[in-house]
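The values are calculated or read from the model by the stated rules, or taken from the named source; none is laboratory data. All figures in this text were calculated on a predicted structure; none of them were measured in a lab. Quick reminder, even Gly has a Cβ in these numbers, built from the backbone with ideal geometry, and neighbours come from all protein chains shown.
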Amino acid sequence: MNRAWFFKIVLLSAILMVCSQFSWAAAGTVKESRPNIIVILVDDMGYSDLGCTGSEIQTPNLDTMARQGVLFTHCYNTSRCCPTRASLLTGQYQWDAGMGHMDYTKSEFPEYQQALNDKSATIAELLKMQGYQTFMAGKWHVGSQRQHWPDKRGFDQFYGTPAGGGLYFYPSAFYDRPVFHNGREVKPDASWYSTDGFTDATIDYIRNRPSQTKPFFIYLAYIAPHFPLQAKRQDIEKYRNTYTLGYNAIRKARFEKQKKLGIVAQNLPPSESVCGNWKAVKNKQQQALKMAVYAAQVDCIDQNIGKLMNTLKEEDLFDNTVVMFLSDNGGCSAGFNRTPKAEIGSRHCNAAYGKWYNVSNTPYRMAKKQQHEGGIITPLIMHWPDGIKKSGQVIGEPKHVIDILPSCLQLAGGSYPETYRSNVLDPLDGVSFMSLVNGKKQDKQRVFYWEHEGNRAVRKGDWKLVALHKKQWELYNLANDPYEQYDLASQKPEIVEDLLKLYEEWAAKHGVRPWPLKKGK
């Protein structure tokens, strides 16, 4: 055989090999090794509201996910809706992403805008660069103007509401929350309920996604169990008589279950209850019904998680899909009832569950907006049969929502760029937690920071410095005092000084302003 014929045969073989690979891919038989990723965020759910973290609420699907995967017992959020979403989506502290407060805050400061800025890139934007398909369903809440919607920040498709919460039955009687699908307003029928609707849209996307071979990233952000208290009647009935025992009886039962689960200290009492004496409550039936409706909202979330996981099984995606689940802040202390003549739980109800927040946040102190543990701690469940070799892990090392983006990037085989769309990006504040999942230890001296409306905190190792707005700093050793009962500030002034210096340097670097915001300061 002469040399010319030899090279022709080699070239023809290469062409046939490439064509063969393309034909196999087109037929859908080339299996993508990188996992699909689904991040599920719920709204205002307390630490102990899942069965796997102590609750009497029926959450068998989430409990199974924790049992088969990993339960991070100490994942931190930012204590409020918009900031947590900004940090989760960008891997940065919220000020770097332009969401130092809420999306309604008008400010001259670049750290306090009404939408995500161009110095940050979202998980969706970065994973698209890695070849992922992207979809979002639910509550966006990091830019309600059209130019800031999810489809402008990396999501191929979006079904949900660009604004905040409050939407269960459609339309909301109290909040302006139109629903959009890919930029077009849709008007669901009277049977629509947002938790179901967002899940159904997600399932529809999974079954009809544009490519069957490319991996996908889905961000599913439920409104539940945020107020108002509105749930489907059949779900409420499951719990109608559950909470007549009162606040402290339920809180005590949850704590005892947490001890059996091994997720709290065995030798320490919980934080002191602030619920008060149930016997002195005049409207016990109404208060018990409030918590029953709240439980129904959480129960409905779990039912929908079950539907979603079953869909992954039916589509042969279950084993290689990473599913993460967490809450944007702790239970909310609001206790209003602006519709006293409406039935609690109905579509005409505009009420919140009040002191039950202290039950939701068992065994921790404080609530949403505050930087004590009750306001900022959430369980994080991670489920991935193909990638988590040791199921049932309970990991207590502290993590933060800023760690989700770098974890997703690592799962996708990508890296964080210095620029995106010609904009220089602020560096990541978060770090991947995949090493923890694989049994490695993290930096014990990692420092975490918080601030919201003047409530502020810093944690380094086991030491945490925390203060309420316009109040003195408090110091806690979380190894010995995880529920922040014994203030050591006066006994350990040198530690207070060191942590305060760290906080002040961090606040200056990230543009954290004194609260309330004042022009030019």
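Here are ALA231, ALA249: which of them is under 17 Å from ASP302 (Cβ atoms) and of a type in the set (A, V, I, L, M)? Residue meeting the stated conditions: ALA231. No other residue among LYS492, LYS518 is out of contact with any His (no Cβ under 6 Å at 6 or more places or on another chain), more than 30 Å from GLN410 (Cβ to Cβ), surrounded by 12 or more Cβ atoms within 10 Å (Cβ to Cβ) and without any contact (Cβ under 8 Å) to a residue 40 or more places away in the chain apart from LYS492.
Out of region 150-168, which residues are modelled with pLDDT of 95 or more and surrounded by 21 or more Cβ atoms within 10 Å (Cβ to Cβ)?
Residues of region 150-168 that are modelled with pLDDT of 95 or more, as a first pass: 150-162, 167-168.
PRO150, ARG153, GLY154, PHE155, PHE158, TYR159, GLY160, THR161, PRO162, LEU167, TYR168, listed by residue number.
For the criterion of being in a loop (DSSP other than H, G, I, E, B) and out of contact with any strand residue (DSSP E or B) (no Cβ under 6 Å at 6 or more places or on another chain), ASP299 fails. The residue that is nearest to PHE227 (Cα to Cα), counting only those in region 238-289 that are of a type in the set (Phe, Trp, Tyr) and not in a loop (DSSP other than H, G, I, E, B), is TYR247. For region 478-514, a residue qualifies if it is under 26 Å from the mean Cα position of the chain (by Cα) and closer than 22 Å to ILE377 by Cβ, and the qualifying residues are LEU478, ALA479, ASP481, PRO482, TYR483, GLU484, TYR503, TRP506, ALA507, HIS510, VAL512.
Got a number for residues in region 104-131 being part of a loop (DSSP other than H, G, I, E, B) and either at pLDDT below 95 or surrounded by fewer than 24 Cβ atoms within 10 Å (Cβ to Cβ) (or both)?
Adding up the residues that qualify gives 16.
The requirement of being under 19 Å from ASP49 (Cα atoms), in contact with a strand residue (DSSP E or B) (Cβ under 9 Å, 6 or more places away or on another chain), at pLDDT 95 or above and of a type in the set (Gly, Ala, Ser) is not satisfied by GLY331.
What number of residues in region 370-392 are surrounded by fewer than 21 Cβ atoms within 10 Å (Cβ to Cβ) and either at pLDDT 95 or above or of a type in the set (Ser, Thr, Tyr) (or both)? Result for region 370-392: 6. Among the residues of this structure, VAL359 counts as one that is of a type in the set (A, V, I, L, M, F, W, C) and in a helix (DSSP H, G or I).
With respect to the conditions (1) under 30 Å from ALA253 (Cβ atoms); (2) surrounded by fewer than 24 Cβ atoms within 10 Å (Cβ to Cβ); (3) hydrophobic (A, V, I, L, M, F, W, C), ALA295 falls short on a single one, namely (2). Of the residues making up region 395-431, those that are surrounded by fewer than 24 Cβ atoms within 10 Å (Cβ to Cβ), of a type in the set (Val, Ile, Thr) and within 21 Å of PHE448 (Cα to Cα) number 2. Residues in region 319-334: is at least one part of a loop (DSSP other than H, G, I, E, B), free of Cβ contacts under 8 Å to residues at least 60 places away in the same chain and not hydroxyl-bearing (Ser, Thr, Tyr)? No, region 319-334 has no match at all. Restricting attention to region 26-37, does a residue exist that is surrounded by fewer than 13 Cβ atoms within 10 Å (Cβ to Cβ), modelled with pLDDT under 95 and charged (D, E, K, R)? Yes, some residue in region 26-37 is surrounded by fewer than 13 Cβ atoms within 10 Å (Cβ to Cβ), modelled with pLDDT under 95 and charged (D, E, K, R).
Here is a yes/no grid of residues against (1) in contact with a Phe, Trp or Tyr (Cβ under 6 Å, 6 or more places away or on another chain); (2) over 28 Å from ILE376 (Cβ atoms); (3) crowded, with 17+ Cβ neighbours inside 10 Å; (4) not polar (S, T, N, Q):
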position	(1), (2), (3), (4)
LEU312	yes, yes, yes, yes
ASP316	no, yes, no, yes
VAL322	yes, no, yes, yes
ASP328	no, no, yes, yes
GLY335	no, no, no, yes
GLU343	no, yes, no, yes
ALA351	no, no, yes, yes
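Scanning region 434-477 for residues being over 18 Å from ARG80 (Cβ atoms), among the small types (Gly, Ala, Ser) and more than 22 Å from the chain's Cα centre (by Cα) gives a total of 2. Here region 169-211 is the region considered, the condition is being of a type in the set (A, V, I, L, M) and out of contact with any Ser or Thr (no Cβ under 9 Å at 6 or more places or on another chain), and the residue that is surrounded by the most Cβ atoms within 10 Å (Cβ to Cβ) is ALA201.
Across region 170-202, the number of residues qualifying as of a type in the set (A, V, I, L, M, F, W, C), assigned to a helix (DSSP H, G or I) and over 20 Å from ALA296 (Cα atoms) comes to 1.
Residues in region 59-97 that are in contact with a Gly (Cβ under 7 Å, 6 or more places away or on another chain) and in a loop (DSSP other than H, G, I, E, B): THR59, SER79, GLY91, GLN94, TRP95.
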